[in-house]
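All remarks here apply to the structure that follows.
The values are calculated or read from the model by the stated rules, or taken from the named source; none is laboratory data. Keep in mind that what you see is a predicted model, and the values were worked out from it rather than measured. Neighbour counts are summed over all protein chains in view; Cβ atoms, including those assigned to glycine, are modelled from backbone coordinates with ideal geometry. Calculation scope for accessible area: heavy atoms of the full protein, side chains included, ligands and nucleic acids excluded. Shrake-Rupley method; radii C 1.70, N 1.55, O 1.52, S 1.80 Å.
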Amino acid sequence: MTSQNLPAGPVGPTSALQLRQQSYLLQTGLARPDTTEEVDDALSIKDVLRILGKYKWILLVAVILCTAVNLLRGLTTAPVYQSTVLLQIDRASARIVQFNRDVDPYQEDDFLMLQTQYQLLRSRSLAERVIDDLQLDPARGRLAGVAPGAPVGKAIKAAAPQDGWLASVLAGYHRLGKPSVDDREFLSREALVGGFMGSVTVEPIRDSRLVKVSVSNANAAQAARIANAIAQSFIALGMERRGQSSVYAKTFLEDQLKGTKAKLEESERTLNAYARTNSILTLDEKTNVISQTYTDYSAALGRLEQDRLKAEALYTAVAANPESASQVLESKTVQAYKEQKAKIEADYLSNLAVYKPEFPKMQQLKAQISELDTRIKAEVASVLVSIRGQYEAAKKQEDQVRALLQGTRKEVLLTQDKSVDLNLLKRELDTNRQLYDGLLQRLKEVGVTSGVASNNISIVDQASTPLFPTSPNLMKNAGIGLLAGLLLAVGFIFMREQMDDSIHQADEIEAKLGLPLLGMIHQVKKKMAQSHALAMLTLQDPRGAFAEAYRSLRTALQFSTAEGAPRRLMVTSSAAGEGKSTTALALAINFAQMGQRVLLIDADMRNPSQHKALERFNDSGLSSYLSGDASREALIQDTSVANLSVLTAGPQPPSPVDLLMGPRLLELMNRAEAMGFEKIVIDAPPVLGIADAIVLGNQVQNILFIVKAGSTRLSSIRDALRRLRMAGLMPLGVALSNVNTAATSYYSYGGVYGNLITPEAFNNRLARPVTPLGGALQA
């Protein structure tokens, strides 16, 4: 049989999906530039649980490790004791020097006063006083070895310009981190004061005048002693500040009293001289009369303006619509005219049914109606004239009062000009007299109260020696460790998920690739496929999840085209190691189990694997046939699986793609079908990197694309699909391999039905002779 007489195999698109997308295949340069769709990136609770289940061990280890480290750190840390003294801070006493409205801000704002006291408790002066009182510093705070203008230490010596730019930068960095004084005694004092201030905690009690002063120390008794010393020193410092302010106030008042007395005498003499010179003894009474007159005129003008505005508004309203004005409606004359008019109009309407409008009687009624309209208009006009007269009278009266007001205003201004200087002198005299009286009164009060010191701070509870340390707190350390572990683990998981752009879920196939999902193959434990190829599990464990997954994939392929499962099927992927060879063999076994004669062709001549899985020789194979070195009959080998034959890849040729581009591959598939093979499954090389899969796809057309879950990058898958589209190829669908059952929402029934047959019974069935389904049908 020659190739010219062989029937041509299917070379066009046969699947429903391919028929729908045939228009795209005709324009490969513009075909579907991007098949991806917008995907909602929002994480649902289900996604979060899936991610937590995926990284549960990382999360658990991180939490346990951080918690253990923090607990060990707490157990190895020296204990610290804390002692607390409770103080009550009442409202501060009034200032000794207080003039009229000069109020102590502490009296008005309790919050400001309390905040000031809290800061005083944290002040350096109080800390140094307690340190000196308790003799906590052996040096007693002496500052020695630092003279004014002397060098302040080696740290400020800048590098010379000739040392270079890098040396200058390093010298500047050292200057920032070192003190400006070399005196060790001074530095020791600073360190002691800083540590003391850091060990003191001031904690106000909410909604009260109480404050807790806590001291932390490695010695429990020392902590209580320091806390009580802080309270007593704070009270003493407050008393000293008040006593110093009293002495200062008394001296200040005496000095100010002398100057104020001299100013008061000078003001009295100046006022008397000005009054005698200008003869203005009765100026006050005249000024009061004129001012009162001006005030009366202003009030009268305001009332007249209101009356004029009302009259003007009334006139405007009546002029705009005189017939609807209340004055017109209330006019008895207008009402009488309107009643007569209504009666005549009623007679006219009643006679209109008998007489025509041109009848004399009807003409007479019309004339009477017109006469009444004229009288009504005249009466309305007279009302409008009356209202206008009221408006003009109000306006004239307003103008007269305004003129009088302007004249009175000029008299007031002249009088005020004359009394300005006198008022200034009187005010200065009154001010000096009040100031003198106030200073004299405060001076007497200071003399009486200077010996009495008021205190607004008291100790409520003295500090006692604590029984147990406050630090380390194991529960707190455990909580911090737990939180730190969670944060570290979540951060790591977040980064891992963000950097992982592979496909994990089944719903991502159609959303991101625009292709239908034909099947999912779950992960298989390594111990289940140690002795044989992974695809042989379909025979070894026919009721397992692995075999069920490929049966489901086989069923999906049967509905992928209008004619059923494709007679010629190529299995490929974007890169190696994604399970395409396993899928090709497993599908071939599944089709063979249906009683169909299946030919498995290993077209991956660069990395063949089917001869190893089926334990067959690879001395000759596809490469031998394509190069013309062997015949078809000598190449196809039977396998241990009934109805399944295999054509191995054969020796690796120098250029596999050149062999695949020839006509012999198509001739081979046509001859295989003529020999009775109902299904031809081709294990093709990956798409990326080489052109073998593209050449094969143009001769087979029906393509199954394999994607390895959690491994294959989305960019690689899209690049591979783009190459297929550019070649005018469209896969039937995608099979997702290596799916983690714990990370997917799809479940198999392998675990439910896997116990229906025992291993012993299964081995006994395998030992029986198997009759091919095709042979049974022939019998």
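In the stretch 582-736, Rg over Rh equals 0.95, where Rg is the alpha-carbon radius of gyration and Rh the Kirkwood radius from pairwise Cα distances.
Leaving ligands and nucleic acids out of the surface, order Trp57, Trp165 by accessible area at 1.4 Å, largest first.
Values: Trp57 170, Trp165 200 Å².
Sorted by accessible area, descending: Trp165, Trp57.
Of Leu120, Leu622, the residue with the largest accessible area leads and the full order is Leu120, Leu622 (1.4 Å probe).
All other residues whose Cβ lies under 12 angstrom from that of Val460 are scored, Lys and Arg at +1 and Asp and Glu at -1, for a net of 0. Is the C-alpha gyration tensor of the stretch 660-716 telling us rounded, prolate or oblate? Criteria: a/c under 1.5 is rounded; beyond that, a/b larger than b/c is prolate, otherwise oblate. Oblate. Once a ≥ b ≥ c are taken as the square roots of the eigenvalues of the Cα gyration tensor of the stretch 173-254, is the result rounded (a/c under 1.5), prolate (a/b larger than b/c) or oblate (a/b not larger than b/c)? Taking the square roots of the gyration eigenvalues as a ≥ b ≥ c, the stretch 173-254 is oblate. Computed with a 1.4 Å probe on the full set of protein chains, the accessible area for Ser168 sits at about 50 Å². The 1.4 Å probe gives accessible areas that order Asp399, Asp132, largest first, as Asp399, Asp132. With each pseudo-label sitting 7 Å past Cα toward Cβ, what's the Asp399-Glu190 distance in nm, one decimal? Label-label distance for Asp399 and Glu190, simple model: 8.8 nm.
With K and R counted +1 and D and E -1, the other residues having a Cβ less than 13 Å from that of Thr582 yield a net charge of -1.
Only protein heavy atoms count here; on that basis, with a 1.4 Å probe, Ile376 has an accessible area of about 20 Å². Under 5 Å from the amide H of Ile601 lie the amide H atoms of Leu647, Val681, Ile682, Asp683, each residue being 5 or more positions distant or on a separate chain, with H modelled from the backbone and absent for Pro and chain starts.
Rolling a 1.4 Å probe over the protein chains gives Ser609 an accessible area of about 40 Å².
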